[in-house]
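The values are calculated or read from the model by the stated rules, or taken from the named source; none is laboratory data. Here the structure is a predicted model, which is why all the values come from computation and not from measurement. Cβ sites come from the backbone with ideal geometry, for glycine too, and all protein chains shown count toward neighbours.
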Amino acid sequence: MEFEILGNPDFGEARAKLGAGDSFHAASGAMNWHRGPVSFRAKLMGGFFRSLFRKILGGTSMFINEYQATGPSEVAFSHCVAGTLVKIPVTSEGLLISGGSFTACTPGVDMRTQFGGFKAFFSGKGAFFIEASGSGDVFFGAYGAVVEKELDGELIVDNGHVLAWENTLDWSLEGAGGLKSTLFSGEGLVMRFSGRGRIWVQTRHLTGTAGWITPFLRS
């Protein structure tokens, strides 16, 4: 099985070349096209009722598709918004990925959803993260470019710009300032990271872009 990423940094698309017996997982709706003898089936991350509960609360699909080839095949997939698509190996420490950023993963990667807390739920920015462990590669997409930061200390990032981080880091979700600042500054929630490890952030914020466009829309 081979992967090639095309179209970066603006419109990243990954193409998987599969042989008989090869398989991989992709987020619901990520597939662009495929050819050759390949089938797919939907799977739930976690038990049915737990996944359904998380779907209702978080708004992020808990379904992933498993693509299985019975002969030479190709499958192309991408993230849902314009931007960079990256492939990152999962190390022994594991990764945490923002639910809306996850795009695909190779066999051997175990994925579980993790509740981000009620602050994330009430912020409207998604209440769950995906914890990736095991051995293999994960793909995640950005709105805009992807910036990788090597942290040894502390870093505060707007919640909407966080894509993924290594599980070696401590993190917490908190307001950008006091109650007044959180309500009226437009900054909302931030994530505070500390320790040593890598963080991947995106250069644009989809909610911010939507807010910029809204005044121009006719009622």
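Quick one: which residue in Gly144, Gly136, Gly117, Gly153 is modelled with pLDDT of 80 or more, over 29 Å from Ala14 (Cα atoms) and of a type outside the set (Phe, Trp, Tyr)? Working first, answer last.
Numbers: Gly144 fails: over 29 Å from Ala14 (Cα atoms); Gly136 fails: over 29 Å from Ala14 (Cα atoms); Gly117 fails: modelled with pLDDT of 80 or more.
Gly153 is the lone residue from the list that is modelled with pLDDT of 80 or more, over 29 Å from Ala14 (Cα atoms) and of a type outside the set (Phe, Trp, Tyr).
Are any residues in segment 85-99 under 11 Å from the mean Cα position of the chain (by Cα) and within 13 Å of Ala142 (Cα to Cα), and if so, which ones?
At the first step, the residues of segment 85-99 found to be under 11 Å from the mean Cα position of the chain (by Cα) are 85-86, 95-99.
Passing the criteria: Leu85, Val86, Ile97, Ser98, Gly99.
Determine whether segment 29-51 contains at least one residue that is at pLDDT 95 or above, of a type in the set (S, T, N, Q), within 19 Å of the chain's Cα centre (by Cα) and closer than 16 Å to Ala104 by Cα.
Within segment 29-51, one or more residues are at pLDDT 95 or above, of a type in the set (S, T, N, Q), within 19 Å of the chain's Cα centre (by Cα) and closer than 16 Å to Ala104 by Cα.
How many residues does segment 73-99 hold that are within 19 Å of Pro9 (Cβ to Cβ) and either in a loop (DSSP other than H, G, I, E, B) or not hydrophobic (A, V, I, L, M, F, W, C) (or both)?
Summing the residues that are within 19 Å of Pro9 (Cβ to Cβ) and either in a loop (DSSP other than H, G, I, E, B) or not hydrophobic (A, V, I, L, M, F, W, C) (or both) in segment 73-99 gives 9.
Based on this model, can you work out whether Gly83 counts as under 29 Å from Thr209 (Cα atoms) and modelled with pLDDT under 90?
Working: under 29 Å from Thr209 (Cα atoms): yes; modelled with pLDDT under 90: no.
No.
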